[in-house]
1. Positive end of the charge dipole of the protein assembly as shown (Lys, Arg +1 and Asp, Glu -1 on Cβ, about the Cα centre): tell me which of B:Gly68, A:His47, B:Gln302 has its Cα farthest that way.
2. Hey, what number do you get for chain A at 222 nm if only DSSP H runs of n ≥ 4 count, each worth -39500 (n - 2.57), divided across all residues, to the nearest 500?
3. D for the protein assembly as shown, whole µm²/s, Stokes-Einstein with Kirkwood Rh over alpha-carbon pairs at 10 °C and 1.306 mPa s: what number?
4. Would you give the gap between the C-alpha center of segment B:214-258 and the C-alpha center of segment A:224-241, rounded to a whole Å?
5. Let me confirm one metric for peptide A:312-318, namely the mean number of other chain beta-carbon atoms within 10 Å of its residues' beta-carbons.
6. Which one, B:Ser62, B:Ser164, B:Ser214, has the greatest fluctuation when you compute a Gaussian network model over chain B with C-alpha springs under 10 angstrom?
7. Using alpha carbon centroids, what distance separates segment A:135-179 and segment A:204-222, in Å?
8. Does segment A:179-287 come out rounded, prolate or oblate, given a ≥ b ≥ c as the square roots of the eigenvalues of its C-alpha gyration tensor, rounded meaning a/c under 1.5 and, failing that, prolate meaning a/b above b/c?
Amino acid sequence: MLEISDNPATSANDDPITSDPRQFSAKVNAWMPHEIMLTDAWFPLAHSFAVDKKPVRRAVYSQPFYLWRGSDGQVIAAENHPNDTLAGAKSEYTDESGHYPVLEKYGYVWGWLGTPENAAPEHVPSIPYLPEDGGLPLHMLGTVRFDCCAPLSLENLIDLTHADFIHADVVGDEKMDSETVEVFHDSETITMVRTCVNKSVAPIMKMFGGVRDDVQQVRQVIRIYLRSHAAIAYGRFSPGDNVQLFHPCVPETRDRTRLDYAMNTSNVKKSNLFRYIMPKASYKVSRQDSSMTSPQSPRYMRPEKRKDLHSPLDEAGQKYRVLMTALAERQARGDFAYRDDVSADCSDIIGYEKA
Amino acid sequence: MSEAIWWAVARSEEISAEKPFNVDIGDQPIVLWRETDGTVRALEDRCPHRRAPLSLGCILGSGAIQCGYHGWTFDGESGQLVDIPNLKSERKYPPVYKAKPFGVHESAGFVRICLDAKAPPPADDGYALPLSGTSTVALEHGQYIAALFDDPSLLISIKGVRFSPYLLAELCEQEGQLVMERSCQWASPHWPAPFTSDFPISLRIATDPVTGESDLTLRDDEFNLLLQATLAPVPGARQVTQVRWRAMLSPERPGLAAKAMGLGAPLRVHDHIDGAALRVLKPSASIHADDLREKIAARTDQQDEVA
Ligand code: FES
Ligand SMILES: [Fe+2]
């Protein structure tokens with residue numbers, strides 16, 4: 001039987017995840033993911049290696065970001081293409097030369113969408129298992145796109161029961177002895193920890209990871225940095241190797257999502273194929289997710305009278321909805337302050353075992 | 001769209017116990033499948049959990065349908081949620097935990113759906129005509145039927161037959177159906193239709209005023225039946241029309257041209273429509289159809305008031 005334990009944030013005095021269950025479910029069911037637009041956030045727009053002399057174009061909520069490196073190697077993020085001599089008025093998101101705040105960390109180019117003066121490096125999310133100055137080999141990096149809105153993609157990610165069905169051929173099916181889900185949150189993050197006892201071994205670990213057993217103990221963590229639309233997906237498997245995935249979902253437009261992922265498999269033995277195959281599994285897994293999230297997305301575009309139905313397994317997803325909505329509401333009231341620190345090392349929260 | 005209408009959304013052959021099948025009636029997506037005993041089931045093609053299409057799921061041995069996203073499993077008759085596999089419990093779910101069920105009726109090789117699950121089933125239609133097919137056409141349902149009345153050659157081809165613009169009987173109402181009869185020629189060289197005294201064949205079309213489901217009967221001038229067919233157009237998403245059809249060629253067909261109908265497919269229902277020809281198609285019978293439908297509707301309203 002499923003057990004759910006809740007660890008509500010203690011610090012915030014106006015925690016949107018109220019103790020009143022009716023208010024909570026009203027918020028869950030008023031979910032309008034396409035209407036959410038969060039600013040004053042760093043978005044991981046590109047892998048560092050993908051940005052060079054020639055400008056590449058990225059977007060956040062259709063707002064253009066042209067990224068290139070100046071002669072000193074520093075990244076420039078501009079609203080207009082440097083060759084666009086007729087460029088018109090600029091938005092409130094850039095300085096007088098049309099440049100956004102930009103920085104590089106963890107092997108990504110992060111662009112700030114919001115009031116430029118508020119851009120501060122301490123709002124870059126903590127990703128314990130990515131080297132701060134990047135440099136992961138290319139086979140651990142990749143790009144996939146989702147034909148759906150970014151919050152739906154993240155709601156999909158934080159709900160792991162779906163993996164037992166649509167990713168069964170990669171990560172194993174729903175057969176196990178028991179499962180526990182724990183959810184932690186603050187005003188800027190939500191973290192879900194799923195512990196499975198004697199779960200069917202992930203086929204990809206059987207095939208390429210050298211795992212011989214039929215069942216394994218699994219502890220999976222999904223931690224979402226709400227504003228940046230970026231997630232950590234950290235899995236501990238025994239027997240098996242830990243999986244260390246950074247999974248941003250940049251809302252390039254409201255119904256299309258860009259995922260420049262980094263799967264750090266340097267913890268896996270060099271002789272183990274899993275080290276090279278696992279990062280590539282993202283191509284397959286993302287298509288499987290897309291098969292559901294793509295038809296889902298338009299069904300969340302308009303207000304819907306019929307409420308979604310929920311099971312106790314949906315706790316994390318429901319809380320994600322409420323937290324995102326609360327942040328959007330706060331921003332609509334003109335409050336863009338970070339009440340919680342997103343860059344503080346979260347190793348303990350996610351239970352990261354340093355190799 | 002009134003609720004108690006039975007739409008022929010599929011041919012019997014299209015529905016299996018192996019793979020769910022998706023159709024729509026207007027903007028209402030529907031998933032169809034067969035239980036192991038052959039019963040056809042229909043639910044809204046939208047999982048009430050996270051709105052994924054149920055047609056992407058699978059059919060379990062029990063006959064229930066399982067959503068492919070998180071495995072929620074629904075009973076086909078009631079739409080009731082019967083299992084959430086990850087919960088590993090034998091619990092019963094509250095009655096609101098259900099997908100929307102629709103009425104289903106299968107007869108004569110067609111699967112018909114009524115959006116009102118409680119509607120009384122329609123009468124059985126006899127036997128299934130052996131030839132059948134499905135076409136999806138980028139033309140709105142009402143326009144499709146109008147074109148069928150005004151010039152069927154834009155929508156269908158009958159082997160060796162040329163439809164003429166001349167009607168033997170203009171569209172009228174017979175027993176609640178819209179019926180017309182059109183003169184036809186064999187496609188061999190002959191005197192042009194405007195100068196022809198008598199035509200060798202005729203096509204009778206009897207159409208349901210609401211669904212547009214049409215029975216086609218092709219006879220020669222000695223009243224021998226050559227071909228019969230049923231054409232079932234159903235409005236689909238984005239205003240396309242999904243057409244299911246069944247047909248049978250008569251075994252006895254006197255005359256060379258009629259015999260030649262047996263070589264190859266006797267009936268083809270087009271997937272593509274010549275837009276240029278359609279644009280300039282002169283409306284005639286279709287205008288009468290509108291009048292007749294109004295008359296029929298007014299009469300039904302009166303009857304409803306009396307009842
Ligand atoms: S959407 Fe169908 S089970 Fe979750
Ligand atoms: Fe997934």
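All of the numbers you see were taken from the coordinates with simple rules; none came from a lab. None of these values were measured; they are calculated from a predicted model. Virtual Cβ from ideal backbone geometry, glycine too; neighbours counted across all protein chains shown.
1. A:His47
2. Result for chain A: -6500 deg cm²/dmol, rounded to the nearest 500.
3. Answer from the Stokes-Einstein relation: 55 µm²/s.
4. With segment B:214-258 and segment A:224-241 each reduced to a Cα centre, they are spaced 60 Å.
5. Numbers: counts 4, 4, 3, 0, 0, 1, 0.
Per-residue shielding by partner chains comes out at 2.
6. Looking only at B:Ser62, B:Ser164, B:Ser214, the biggest GNM fluctuation is shown by B:Ser62.
7. 15
8. Values: a/c = 2.29, a/b = 1.40, b/c = 1.64.
Oblate is the answer for segment A:179-287, as a/c is 1.5 or above yet b/c matches or exceeds a/b.
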